[in-house]
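The values are calculated or read from the model by the stated rules, or taken from the named source; none is laboratory data. Bear in mind that the values here come from a model prediction, so they are computed numbers and not experimental data. Cβ placement follows ideal geometry from the backbone for every residue including glycine, while neighbour counts extend to all protein chains displayed. Surface areas here come from the heavy atoms of the whole protein model, side chains and all, with no ligands, DNA or RNA. Shrake-Rupley method; radii C 1.70, N 1.55, O 1.52, S 1.80 Å.
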Amino acid sequence: MDGFIPISNTQLLLTVILVIITGLISALLRLGLLKSLLWGTVRAFVQLTLIGYVLNYVFAWNTLWIIIPILVLMSLIASREATRRITRIPYNPNINTFLSLTTSTFVVGIIVVVLIIGPEPWYSAQVMIPIFGMLFGNSMNAIALCLDRMYSEIHGHIAEVEQRLALGATPWEAVIPYIRKAVSAGMTPTINSLMVVGLVSLPGMMTGQILAGMDPQSAVRYQFVVLVMMASCVAIGCLMIVLLSYRKMFNTDGSLVEELRSS
Amino acid sequence: MEPALLVFKDLSRQIDEDGRRIVASGQVEPGQALFVKGSSGSGKSTLLRILGRILSAQSGEVWLEGRPWMTITAPQWRLLVQYLPQKPIVFDGTVQENLLLPFRFKLMERKGIPSPSQIEGYLKKLKLPNGILTQSAKTLSGGEAARIALIRALLLEPQVLLLDEPTAYLDDDNRSHLLALLKEWMAAKPRAIIMVSHNEQDLLAFTRRHSLQI
């Protein structure tokens, strides 16, 4: 870690300049974002400071009994966040979101940590928590996009879905064209990022490692692993959320639920 | 009197927020057409959709050739008792792909796709050119789409057709071709039609008919 330049308190305080710039733009255009901006800034600072302390302890303890509950807590928060902005769905999607998020992240996370990175011990908190954190964050957005798109597609094509049912389709066969659109909406941002990475942007993780003094060659290897793991995690997460959710759009007789029609 | 093909008894469902409901009972015999009448918004389409199991009834029961409807799975029932909405629905792709779409579903897959001559026979009877098969379905006019939707339903060999204003988009000539095809279809096997229509001609085309006021 040769080239690592620590940020002192004074230096940190200088970030206020950046917050003021953002605030001025918001005030100038009357975006009504000032309150969110200030609250967001305070929250980000407090949350990150706290997590810094927590991670210090967790890395020192480095036991599964601490790591697993933290990962589950992260998943709970992420699944709540993923569904909070989706208000139009005629049922509560929390459990399905939690299941999809947790399964996709754990399956891919374990493969990456144990098989690919292989730290000692295999559950090293210093590897597991950041990797799982990135997976949760990415999968959370993808699942939110996918769920929202599935609902709006089906809601916008009720007559078509009913026509397919009338032609003998099972509920799954009736909604599959819209499911495809939803899953692809969830996966597209991740796939796109595979295309432009390195050309347009240096991703956050790589930037962080390079700033922290890692040589770019090694940072690139890590970043590649992270990108492909995100893609597969998003694919699993989106597939699971549609498989778990589509049935909720139908009643026991396999016709569309009333709430979908009236909302 | 012949045994009824389809019987429905005390079918009910709320049709608006004010708690208005439809309650209907009736039956059709093989070879018969049942006309559902009522003022606009009285729930005629709702009744057809319930009978086709596209909407669920809140109470009541239906029998097809004596079999209670819940002993037949919903997808199977929907094939036997085909509902055609007033506004014809076609999907992306060619007309041919639209006609064969149901045969890609699990239920119809093993039956094998209908022969080209069967499809061409229907096209001819409805005065549609064979060239229409390769046309994009989304470019069809309302009248063409309505006839294609009817052919798509007939290819599934249902026992009962539930038709919601089937001639609404058609001119007089095409209307009479369509009605002639329906009569011919009904005569071939024990089949029946339940229809909503505002046109007196549609009603008069069928000799064995009765109506239900809701």
statement: The helix A:16-28 Cα axis meets the longest alpha-carbon principal axis of chain A at an angle in degrees, between 0 and 90 and rounded to 10, of 40 degrees
message: What FRET efficiency comes out for B:S12 versus A:I51 if R0 is 56 angstrom and r is the Cβ-Cβ distance? Round to the nearest 0.05.
response: 0.45
message: If I build a Gaussian network model for chain B, linking alpha-carbon pairs within less than 10 angstrom, which residue out of B:L133, B:L48, B:L162 has the largest mean-square fluctuation?
response: B:L133
message: I need the phi-derived Karplus couplings for segment B:178-183: 6.51 cos²θ - 1.76 cosθ + 1.60, θ = phi - 60°, integer Hz, Gly and Pro marked x.
response: 5, 5, 5, 4, 4, 5
query: Which whole-angstrom value gives the distance between the alpha carbon centres of segment A:213-263 and segment A:20-37?
result: 34 Å
field: Principal semi-axes in Å for segment A:145-263 [√(5λ), Cα gyration tensor, largest first]
entry: 41, 11, 11
statement: Quick note, segment B:88-214: a/c under 1.5 would make it rounded; otherwise a/b > b/c is prolate and the rest oblate (a ≥ b ≥ c, C-alpha gyration tensor); here it is prolate
- line: Carbon/sulfur accessible area of chain A, % of total, 1.4 Å probe, equals 70 percent
query: Rg and Dmax of segment B:102-163, using alpha carbons, in Å: what are they?
result: 12.2, 32
- request: Would you work out the charge dipole size for the protein assembly as shown about its Cα centre, treating the Cβ of every Lys and Arg as +1 and the Cβ of every Asp and Glu as -1, and quote it to the nearest 20 debye?
  value: 320 debye
message: Using Cα-Cα distances under 8 Å and only pairs 6 or more residues apart, what relative contact order does chain B have, in percent?
response: 31 percent
message: With θ taken as phi - 60° and the coefficients 6.51, -1.76 and 1.60, list the Karplus ³J(HN,Hα) couplings across segment A:110-121 in order, rounded to whole Hz; mark glycine and proline as x.
response: 5, 4, 5, 5, 7, 7, 8, 7, x, x, 10, x
query: What Kirkwood radius, in Å to one decimal, follows from the Cα pairs of chain A?
result: 21.0 Å
query: Which far-off residues, 5 or more places away or on another chain, put their amide H under 5 Å from the one on B:L55, with H placed in the peptide plane?
result: B:I50
statement: Listed residues A:Y53, A:Y222, A:Y151; largest mean-square fluctuation, Gaussian network over chain A with Cα springs below 10 Å, found at A:Y53
field: Estimated D of segment B:143-210 in µm² per second, where Rh is the Kirkwood radius over Cα pairs and Stokes-Einstein applies at 10 °C, 1.306 mPa s
entry: 130 µm²/s
- line: Among A:V196, A:S79, A:V46, the residue whose Cα sits farthest towards the positive end of the charge dipole of chain A, when +1 is placed on the Cβ of each Lys and Arg and -1 on the Cβ of each Asp and Glu, is A:V46
field: Cα-based shape type of segment A:1-61, given that a ≥ b ≥ c are square roots of the gyration tensor eigenvalues and the cut on a/c is 1.5
entry: oblate
- request: Return the average number of partner chain Cβ atoms within 10 angstrom of each residue Cβ along peptide B:104-115.
  value: 2
query: Using a Gaussian network model of chain A with C-alpha springs under 10 Å, which one of A:L50, A:L145, A:L33 is most mobile by mean-square fluctuation?
result: A:L33
- prompt: For chain B, which whole percent of the accessible surface, found with a 1.4 angstrom probe, sits on carbon and sulfur atoms?
  reply: 50 percent
- request: Let me know the longest stretch in chain B that avoids all GluC sites (Glu not before Pro) found in a DSSP loop with at most 14 other C-beta atoms within 10 Å.
  value: B:66-214
query: Over segment A:62-262, what is the relative contact order in whole percent, taking alpha-carbon pairs under 8 Å and six or more residues apart?
result: 29 percent
- request: Mind putting a number on the dipole of chain B about its Cα centre? Charges go on the C-beta only, +1 for Lys and Arg and -1 for Asp and Glu, and I need it in Debye to the nearest 20.
  value: 440 debye
message: Only protein chains counted, 1.4 angstrom probe. Which residues of segment A:129-161 are at least 10 Å² less accessible in the assembly than when their chain is isolated?
response: A:A159, A:E160
- prompt: Taking chain A as a whole, which cysteines find no other cysteine Cβ under 4.7 angstrom from their Cβ?
  reply: A:C233
message: Quick check: the distance between the Cα centres of segment B:101-127 and segment A:39-69, to the nearest angstrom?
response: 63 Å
task: Using the heavy atoms of the protein chains and a 1.4 angstrom probe, tell me the accessible area per residue for the protein assembly as shown in square angstrom.
output: 51 Å²
- prompt: In sequence order, what are the phi-derived ³J(HN,Hα) couplings for segment A:125-137 according to the Karplus relation 6.51 cos²θ - 1.76 cosθ + 1.60 with θ = phi - 60°, rounded to whole Hz, with x for glycine and proline?
  reply: 4, 5, 9, 5, 5, x, 5, 4, x, 5, 5, 4, x
task: Quick one: go through segment A:137-179 and flag any residue whose amide nitrogen is under 19 Å from the point 7 Å out along the Cα-to-Cβ line of B:K106.
output: A:161-179
Amide proton proximity set for B:Q32, modelled H, under 5 Å, gap of 5+: B:I193
- prompt: Residues with beta-carbon under 15 Å from that of A:N251, excluding A:N251: net charge, scoring Lys, Arg +1 and Asp, Glu -1?
  reply: +3
- line: Taking a ≥ b ≥ c as the square roots of the eigenvalues of the Cα gyration tensor, with a/c under 1.5 meaning rounded and otherwise prolate when a/b exceeds b/c and oblate if not, segment A:1-119 is oblate
query: Considering the dipole of the protein assembly as shown built from charges on the beta carbon (Lys and Arg +1, Asp and Glu -1) around the Cα centre, which of B:L204, A:A27, A:I210 is farthest to its positive end?
result: B:L204
task: List the accessible area buried at the contact between B and A, summed over both sides and calculated with a 1.4 Å probe, in Å² to the nearest 100.
output: 1900 Å²
- prompt: What residues have an amide H closer than 5 Å to that of B:R21, excluding those fewer than 5 places away on the same chain, when H is modeled at 1.01 Å from N in the peptide plane?
  reply: B:I15
Listed residue pairs exceeding 29 Å between alpha carbons, taken from B:K87/B:K124; B:K44/B:K189; A:K181/B:K124: A:K181/B:K124
message: Under a Cβ-only charge scheme (Lys and Arg +1, Asp and Glu -1), can you give me the dipole magnitude of segment A:160-253 about the Cα centre, in debye to the nearest 20?
response: 80 debye
